[in-house]
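Worksheet: one structure, shown below.
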Amino acid sequence: MNQQTNPLGGNSLRESGATALAPPLLELRGIAKHYRSGSETIRALDNIDLTIRRGEYIAIMGQSGSGKSTLMHVLGCLDTPSEGEYRVAGEDVSGFDADQLARVRRNFFGFVFQRYNLLGTGTALENVEIPAIYAGAPRAERSARAAQLLQRLGLGERLGHTPGQLSGGQQQRVSIARALMNEAPVILADEPTGALDSRSGEEVLELLDELHRQGVTVILITHDAQVAARARRVIQISDGRIVSDSGSDPVDTVPVAPGSTGRDGQLRFGAALEEAVHMALRSLRANLFRSVLTLLGVVIGVAAVVALMALGEGSKQQVLNSIEAQGTNLLTVRPPPGRMRDGSENATMTRDDALALVGLPHVVEVVSERRSSGNLRFGSRDYRTEINGVDEGYSRARDWPMAAGTFFSEDDVARYTSVMVLGQTVVDNLFEPGQNPIGSYVLVQNALFQVIGVLAAKGAGSWGNDMDDVALVPVTTGALRLYGGTHLSNITVKVDSSDNVAMAEELMMKQLASRRPGEEFSVRNTASLLETVSATQNTMALLLGSVAAISLLVGGIGVMNIMLVSVTERTREIGVRMATGARGRDILLQFNIEAVVVCCIGGLLGIACGVAIANGLGYIGQAAVFTPMPSVLAFGCALATGLIFGYLPARKAARLDPVTALATE
């Protein structure tokens, strides 16, 4: 005797070329199935005793409502009895939970349904593969076996055809191939010829005859006496009771059916993911317009996150760059409010105050500044711009290099030299294109200034002003020939390190207070300004991200609604998967992964759209800066949306009753 694995778990003894009577394959004792309809109890099965041995060919006959379909559901572990004991290969399964029953169905039964119950979006090959997926078979192995079965049943040229491209007889052959996929020892055929023409029906019955001759136990559910006559044993059922039984066929010497594949039946995560992705893509293709609408909410949400965060970051960088372009580690000292008037006796801050700050600890540069505006004339051209008087350290303090020529020197400031340095915008408006301004003389308020340098272009400032629209002269010369006063607009101080800015500011204020008691000078710190602007921009970015996240939430609700509709539409498909061995957790995982796949596709499309939108706005002048984090965050949110909003529909699918699901239109 050879010891072989029992499909239900444990071991069973099987005779090789057996002559001894094999133990019962299926055994029902006192089986009853009750349903409640209001206050009435309906007894679909009533005290059924039945023994089925290996290799039998049985027809169970009865009219509609006789209980034969309920008996088939109990035999195939699609339903559980209300009373009694049901043993499969010697093990009582009447008290098994849903997952344990799924294991029995997967390893022991193959179903052939009257309405075929094929997945409309899957090919013949994919439909046949389904039981092996839940048995944990590798993809290559199950594809090869499915193709072999279809070829054996005369469908070798129809592997890639969907059910809609097959005749009724061909669809039933696919259903039979699916029933044989896991080498199930029992085939349960429920009215297999009911939807076929006579020729196709005869072909299907011949296939069942052939399977019986090969040792497969065939249980045929029918109301047709001619179909039942092909069986070796006929059982008549009426009102939930067996009313006649032609008796067991002596099948002791019938070869044993192939039996289980011997797999543990655990659907691997990789296989589950693969099947769910295929299922999701098939569903997307089958309902393209609805799929587009489903994806649209996720796409809009993710695109909004990516685009708005990129625009927010671009705006932030633009402002920060503008502030930094004016110089880093700067302190700007301004006179008290109301004291900065041209020719006023109350104007208190002078160049002597600036010189008093030179040499303080951590102070690198001290620049006196007097801001004004006026007209410049060169030849026949006039241009109005800022004309600012500054010290020789201005370009160093503000990290502003020269594009051409040189900046004026300390000697130029001390000697009141009439020299000028121009910004790029002034050069563009005052001189001909390509003309070199160096050495030229510009008239300002009847005073001639020689252009000795051109500053490098800096662009827009922190307040949107053009930083290149400026002309610089020595502060001493400006006071003598242009402004008519010696007071300053501000003093700019550059500190050696951002860590020392606070200390330098404290020393400066003490120095000024000692020179001018009672005067309250104001100081602007570029470092604190950068922090303030950065915090403000971060708040705006968070606000924009929150608005975008709401769009993603709305998209997630749309996904949940569509998935709930999908579960309703595909209820029979879920029943088929359960009948072929899928556990509740397998259905839960597959539908949840399907929602995740949909959201991931929407996330990827949303990222692409968000990048495109932000780039498009960049072409019209809006700054956009892409960083990985918003895209990763948006995609992660899309993934989470699929997991969270897909769970409820997936749980609903996993909790469906197989019998109810299969009966759904």
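The values are calculated or read from the model by the stated rules, or taken from the named source; none is laboratory data. These figures come from a predicted structure and were not determined experimentally. Cβ coordinates were reconstructed from backbone atoms using ideal geometry, including for glycine residues, and neighbour counts include every protein chain displayed.
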Select from segment 191-219 the residues that are of a type in the set (A, V, I, L, M, F, W, C) and touching a Leu at 6+ places or on another chain (Cβ under 9 Å) and write down the one among them that is nearest to residue 171 (Cα to Cα).
-> 204
How do the strands (runs of 3 or more DSSP E) wholly within segment 303-415 filter down when requiring 3 or more residues that are at pLDDT below 80 and out of contact with any helix residue (DSSP H, G or I) (no Cβ under 8 Å at 6 or more places or on another chain): which remain?
-> none
Among 458, 510, the single one that is in the same structural domain as residue 365 (by TED's automatic domain parsing), touching a helix residue (DSSP H, G or I) at 6+ places or on another chain (Cβ under 8 Å) and of a type in the set (Lys, Arg) is 458
Do we have residue 140 as modelled with pLDDT of 90 or more and closer than 20 Å to residue 275 by Cα here?
-> no
The helices (runs of 4 or more DSSP H) lying wholly within segment 136-248 that contain at least 1 residues that are over 47 Å from the mean Cα position of the chain (by Cα) and among the acidic types (Asp, Glu) are 198-213
Taking interchain pairs and intrachain pairs at least six residues apart, which have beta carbon atoms under 7 angstrom, with the first residue in segment 228-247 and closer than 24 Å to residue 204 by Cα and at pLDDT below 90 and the second of a type in the set (Lys, Arg) and not in a loop (DSSP other than H, G, I, E, B)?
-> 246/233
Do we find a residue being touching a residue at least 12 places away in the same chain (Cβ under 8 Å), more than 17 Å from the chain's Cα centre (by Cα) and surrounded by fewer than 20 Cβ atoms within 10 Å (Cβ to Cβ) anywhere in segment 590-608?
-> no
From the options 556, 575, residue that is of a type outside the set (S, T, N, Q) and more than 19 Å from residue 121 (Cβ to Cβ) | 556
When segment 250-273 is checked residue by residue, the ones that are surrounded by fewer than 16 Cβ atoms within 10 Å (Cβ to Cβ) and either farther than 29 Å from residue 100 by Cα or at pLDDT 75 or above (or both) are 250, 252, 253
Only one of (1) out of contact with any Lys or Arg (no Cβ under 6 Å at 6 or more places or on another chain); (2) over 29 Å from residue 135 (Cα atoms); (3) at pLDDT 90 or above does not apply to residue 72, and that is (2)
Can you name the residue in segment 402-425 that is under 14 Å from residue 452 (Cβ atoms) and β-branched (Val, Ile, Thr) and is also surrounded by the most Cβ atoms within 10 Å (Cβ to Cβ) among such residues?
-> 421
Considering segment 383-392 alone, what residues qualify as being in contact (Cβ under 8 Å) with a residue 60 or more places away in the chain and surrounded by 18 or more Cβ atoms within 10 Å (Cβ to Cβ)?
-> 385, 387, 388, 389, 390, 391, 392
